[in-house]
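Shown next, in structure tokens, is the structure this report addresses.
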């Protein structure tokens, strides 16, 4: 009795199946980005800066470096709206905090992989010493492809805000004392 797997038809079908299994995955792009997932960059490889926004007044009084990977974190930062698709991109934010001149500037120059994390080169421009005082809070936001590696020296959540003031306690009124009433204004007598 001859084995069934030796039939010429079965051999051709098996070869065709193996060929399809090898060809189809490669034609779909074995190493290309699919569904927003980008493989981690190779050692020393740059992550492209897709877009960059800079400004003089961020309303952020603290100097910080922050990586943002979702809308909830971005909502905690007092910056202008930045167009970003968090499924495929992330934001790198650098703020200088409050400075005494609107001539300060900050820019993200480069993002690259070093070891098991990303590094970011930041350039800060300071004004000439003869600049007049003008309060500012410079910032830079870079849009880069999403990567789940840690970003060296960048926080993943904004620092907690601390109040620089406290609410005054209510006045201590003795027993039976009532708070003073606001004076009544007679609007009919005014002409």
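Computed from the coordinates by the stated procedures, all read-outs in this text should not be read as laboratory data. This structure is a prediction, so every number in the text was calculated from the model and none was measured.
A few notes on this one:
- Relative contact order (%) - criterion: Cα under 8 Å, at least six apart; region: region 51-151: 39
- Along principal axes, Cα extents of region 51-151, largest first, whole Å: 44, 29, 20
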